[in-house]
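Asks: Below are the structure tokens for one structure; questions will follow.
What follows draws every value from the coordinates through simple rules; no lab data is involved. Model, not experiment: these values are computed from the prediction. Every residue, glycine as well, gets a Cβ built from its backbone with ideal geometry; the counts of neighbours run over all protein chains shown.
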Number of protein chains: 2
Amino acid sequence: MAKIAILGFGTVGSGVYEVLNRNAASVARRAGEPVEVKYILDVRDFSDRPDAALFVKNIDVILADPEVKVVVETIGGTRFAYPYVKQALESGRSVCTSNKEMVATYGAELLALAKSHNCAFLFEASVGGGTPIITPMHQCLAANVITEVEGIVNGTTNFMLTKMARENMGFDEALKIAQQLGYAETKDPSDDVDGRDACRKIAILSSLVCGHHVYPQNIPTRGIRDVTVEDIQAADKLGCVIKLIAWMKLLPGGGVAAGVEPCLVPKVNQLAGVDDVFNAVKVKGDMLGDVVFYGKGAGKLPTASAVVADVVDALKHGVQMHDSLFWQPAQPAEGMLTDPAPAAYYVRVEGAAPAVVEAIYGKGRLVAEHFDGCAYLVEKADASALEEAARKIGAVGGSVKLVLRRLPEEE
Amino acid sequence: MAKIAILGFGTVGSGVYEVLNRNAASVARRAGEPVEVKYILDVRDFSDRPDAALFVKNIDVILADPEVKVVVETIGGTRFAYPYVKQALESGRSVCTSNKEMVATYGAELLALAKSHNCAFLFEASVGGGTPIITPMHQCLAANVITEVEGIVNGTTNFMLTKMARENMGFDEALKIAQQLGYAETKDPSDDVDGRDACRKIAILSSLVCGHHVYPQNIPTRGIRDVTVEDIQAADKLGCVIKLIAWMKLLPGGGVAAGVEPCLVPKVNQLAGVDDVFNAVKVKGDMLGDVVFYGKGAGKLPTASAVVADVVDALKHGVQMHDSLFWQPAQPAEGMLTDPAPAAYYVRVEGAAPAVVEAIYGKGRLVAEHFDGCAYLVEKADASALEEAARKIGAVGGSVKLVLRRLPEEE
């Protein structure tokens, strides 16, 4: 019998408890022994529950009990989660978490701590919710050098963009519906809509691919606030959809580039068909080519089931997991991890006539004309060319309202 | 330094050798030690190669060398592969294979042998080529009861169906092109086009899900020979594509049903967009909902990289893998593993007028009228209703040329 503790009895934490109870037999079979929750840490009052005896308010109770082998952290944020997880690892207990903010910020340190204390620090649920992404990446792809990752990793914005496309709905209305359905935070939805959540996730995947910590603050990040129904219609004319893409790639010179940005995704791309709250991550291996992992990106039970799978791995393999699931500490990079390669870009300009836009941006295609501007597909440009063009548009009294990279078509 | 042997230096075997050489550093990092090929068993003459010293013609050389820790089997078929693999496992060496025929036929026996000799028997590459499917299924989904699997697992037929749909091409012509490109066997393509290859793969996945051996001969299997361009066009009218689907599901009563058959796949289904030689497998977990694993289903290096990932797992985890990757021996079932549930069906009938077809099949929709028959979508029918209808069509002098189940739309 393996005993574990759950820190935080919110959505995911209570889901972990539920999954362990409902699928106790299959978990026991795979773990090689039954898994039992001995403590649940939460500051709130659960004294009217039949299992009230499990609840504690002080982490020390858990740390003092040698029976507890694995600690599940589902508090979220870093204020409490980070010191608790550190203490747990330092005491030699494995930790399984769904906390992307903590992994994106302190991942390298916590991995090193786990290794030096002979236990495991696992976080499959931090990216893609229940969909297995991190585990197949580090394990099944052991024989590949991963060169690129490209994915839809935020369910909220993907739901909104799908809604906008299907029902000709504006950003504000789509956000309101996402909030009503509980997909977006009511108080402050900016973590999702401004791309910060996706940024943390691609920071985690980038760290895993690069072998050293990649920090969210070095990843250029832009959300979907500026995308309009007209942009989505223009994209459709070009055989594309608009998706919030989180990506990373190894650069030929040895560096790394990463970003979170709404992109034009050609409909032939596997990511174009990923709709609603679904997530998908495409990984390119040098031997394997592209593989895609697809599934629901969030939700109580899917996410909880990924945490429970990590608990099984922690019990079975412990520190051995970190032969492949590991990255080194590193300082944040100076400046942003931009990609110098040119690409095709969609630009929406106000206050400049199509002929002027074409003259400034060079070879391309007029996609739509508005009463005071136009949308234009630039055939090929890099970051500095785009910057220079935006300056020129400003000089003629116009302004660039939106720039979207188009993913390559041959994928 | 871990030493391994490769049995069979064909496409996959030589690919394994190449992957181990090209990605030696990343393999060593993940395995915790360098991995070196000490022997290659092949009856052919490779004496002019610079590495000729590695080649041996007798398995006993390999079995007599205590340095060899893992044996890679890529001979194919069962005549030589099966006794060699048995001997290797009995000597306590782990075996990694891409041989679906052997796993589908002798999987339970070889798994038990591995367990009793404290080594591993791994076969990720037997389904989906390089795409990780078996490993995430048994490991990442540890916290889920899997209730359904549905996939496109044969790249050759998927390439042909894609070609037929895109270029209005008949079966024979599509087969010829697949043969020219090396996707289909020239001498006898029937393993692919008649569904036997897909049948072995779904037998393996079914065994893993059910926990006991499921035999290919109990799985109703039908290939794509009878599918015409007209059927594909009719499917398109219904918002569907035609794909060769391998599927299994747990029945409410506790049994299992499985099959390989061309199906109408609604375009909203994630499998509908899987084209060319790509494979995709959709797995339904009771906690997780649907996840999809997508990638190239075959090819030398993709498949080889999956074998090499298994070698890493065998070296690191050995027999521990079989806490979750395991199924019990079982007798073949009596009769076929059919699904009694009703579904919508597309039928193409010759020698009977639409009104007659409608009267016989009941509620549905006329999809296309031909000079001597029609295509009809039956709203709801089960196997016995279809059989009875076919008998009646025969009684009026007609004949049923093709029956395709339509996958549910709500997926």
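Asks: Relative contact order, percent, of the range A:139-204 when contacts are C-alpha pairs under 8 Å separated by at least 6 residues?
Replies: Relative contact order comes out at 30 percent.
Asks: Among the lysines, select those whose C-alpha is under 22 Å from the C-alpha of A:Lys363, and discard any that sit fewer than 8 residues away in the same chain.
Replies: A:Lys237, A:Lys380, A:Lys392, A:Lys401
Asks: While we're on this one: Give the value in nm², to one decimal: projected area of the alpha carbon convex hull of the range A:253-411, averaged over all directions.
Replies: One quarter of the hull surface, i.e. the mean projection, equals 13.8 nm².
Asks: Could you compute the net charge surrounding A:Glu261? Neighbours are other residues with a C-beta less than 9 Å from the C-beta of A:Glu261; K and R count +1, D and E count -1.
Replies: Residues close to A:Glu261 contribute a combined charge of +2.
Asks: Taking the range B:287-359, which chymotrypsin sites (Phe, Trp or Tyr not before Pro) meet the DSSP loop condition and have no more than 11 other C-beta atoms within 10 Å?
Replies: Here no loop site has a sparse enough neighbourhood.
Asks: Also, I was wondering about something else. Any chance you could give the angle, 0 to 90 degrees and rounded to 10, that helix B:11-22 forms with the longest Cα principal axis of chain B?
Replies: On a 0 to 90 degree scale, this one is about 50.
Asks: Each residue of the range A:388-393 in turn: what ³J(HN,Hα) in whole Hz from Karplus with 6.51, -1.76, 1.60 and θ = phi - 60°, glycine and Pro shown as x?
Replies: 4, 5, 5, 4, 5, 4
Asks: Would you pull out the residues with amide H under 5 Å of B:Val56's amide H, same chain only if 5 or more places away, H placed 1.01 Å from N?
Replies: Under 5 Å from the amide H of B:Val56 lie the amide H atoms of B:Ile40, B:Leu41, B:Asp42, each far enough along the sequence or on another chain.
Asks: Could you tell me whether the range A:109-220 comes out rounded, prolate or oblate from its Cα gyration tensor? Rule is a ≥ b ≥ c as square roots of the eigenvalues, rounded for a/c under 1.5, then prolate if a/b exceeds b/c, otherwise oblate.
Replies: Prolate is the answer for the range A:109-220, as a/c is 1.5 or above and a/b outweighs b/c.
Asks: Distances from B:Lys86 to the same residue in each other copy, label points 7 Å out along Cα→Cβ, in nm, shortest first?
Replies: 5.9
Asks: Here is a further query. Using all alpha carbons of the range B:15-61, what is the percent of pairwise distances in each 5 Å bin, ordered from the shortest bin to the longest?
Replies: 5, 20, 24, 20, 15, 12, 4
Asks: Once you average over the residues of A:127-138, how many Cβ atoms of partner chains fall within 10 Å of each Cβ?
Replies: Average neighbour count from other chains, rounded to a whole number: 4.
Asks: Averaged across B:29-35, how many Cβ atoms of other chains sit within 10 Å of each residue's Cβ atom?
Replies: Per-residue shielding by partner chains comes out at 3.
Asks: Tell me the distances, shortest first, between A:Ala395 and the same position across the other copies, using label points 7 Å along Cα→Cβ, in nm to one decimal.
Replies: Copy-to-copy label distances at A:Ala395, shortest first: 8.6 nm.
Asks: Would you mind checking the tilt of helix A:300-317 against the longest principal axis of the Cα atoms of chain A, expressed as 0 to 90 degrees and rounded to 10?
Replies: Rounded to the nearest ten degrees, it is 60.
Asks: Between A:Asn158, A:Asn279, A:Asn58, which gets the highest mean-square fluctuation from a Gaussian network model of chain A, Cα cutoff 10 Å?
Replies: Among A:Asn158, A:Asn279, A:Asn58, the largest GNM mean-square fluctuation belongs to A:Asn58.
Asks: Excluding A:Cys199 itself, calculate the net charge of residues whose Cβ lies under 13 Å from the Cβ of A:Cys199, where each Lys or Arg counts +1 and each Asp or Glu counts -1.
Replies: Value of the local net charge: -1.
Asks: Follow-up question, since we're still on this one. How high is the relative contact order of chain B, given as a whole-number percent (alpha carbon pairs under 8 Å, six or more residues apart)?
Replies: 18 percent
Asks: Sorted by packing (mean other beta-carbon atoms within 10 Å per residue), highest first, where do A:330-336, B:374-380, A:149-155, B:283-289 land?
Replies: The peptides rank, most packed first, as A:149-155, B:283-289, B:374-380, A:330-336.
Asks: Which distances in nm, rounded to one decimal and ordered from shortest, link the label point of A:Gln320 to the equivalent label points in the other identical copies, with labels set 7 Å from Cα toward Cβ?
Replies: 0.2
Asks: For peptide A:292-298, compute the average count of partner chain beta-carbon atoms within 10 Å of each residue's beta-carbon.
Replies: Mean shielding by partner chains, rounded to a whole number: 6.
Asks: Same structure, new question: Near A:Glu230, within a Cβ-to-Cβ distance under 14 Å, what is the net charge of the other residues, with Lys and Arg +1 and Asp and Glu -1?
Replies: -3
Asks: Can you classify the range A:31-189 as rounded, prolate or oblate using the Cα gyration tensor, where a ≥ b ≥ c are the square roots of its eigenvalues, rounded means a/c under 1.5, and otherwise it's prolate if a/b beats b/c and oblate if not? Please report the intermediate quantities before stating the final value.
Replies: Working: a/c = 2.36, a/b = 1.36, b/c = 1.73.
Oblate shape, in that a/c is at least 1.5 and b/c is the bigger or equal ratio.
Asks: Which far-off residues, 5 or more places away or on another chain, put their amide H under 5 Å from the one on A:Arg406, with H placed in the peptide plane?
Replies: Sorted by chain and number, the residues that satisfy this are A:Leu264, A:Ala344, A:Tyr345, A:Tyr346.
Asks: Then there's this: Using the Cα atoms as the points, what is the convex hull volume per residue of chain A in Å³? Write down the numbers at each step before the final one.
Replies: Values: hull volume 60.3 nm³, N = 411.
Looking at chain A, the number lands at 147 Å³ per residue.
Asks: Using the 2.2 N^0.38 Å rule of thumb for compact globular proteins, work out how the range B:313-362 stacks up: its C-alpha Rg over that value, please.
Replies: Scaled against compact globular proteins, the figure is 2.44.
Asks: In the P(r) worked out for the protein assembly as shown, what percent of Cα pairs fall beyond 50 Å?
Replies: 19 percent
Asks: Considering every pair of different Cα atoms, what Kirkwood radius, in Å, is found for the range A:215-259?
Replies: It works out to 12.7 Å.
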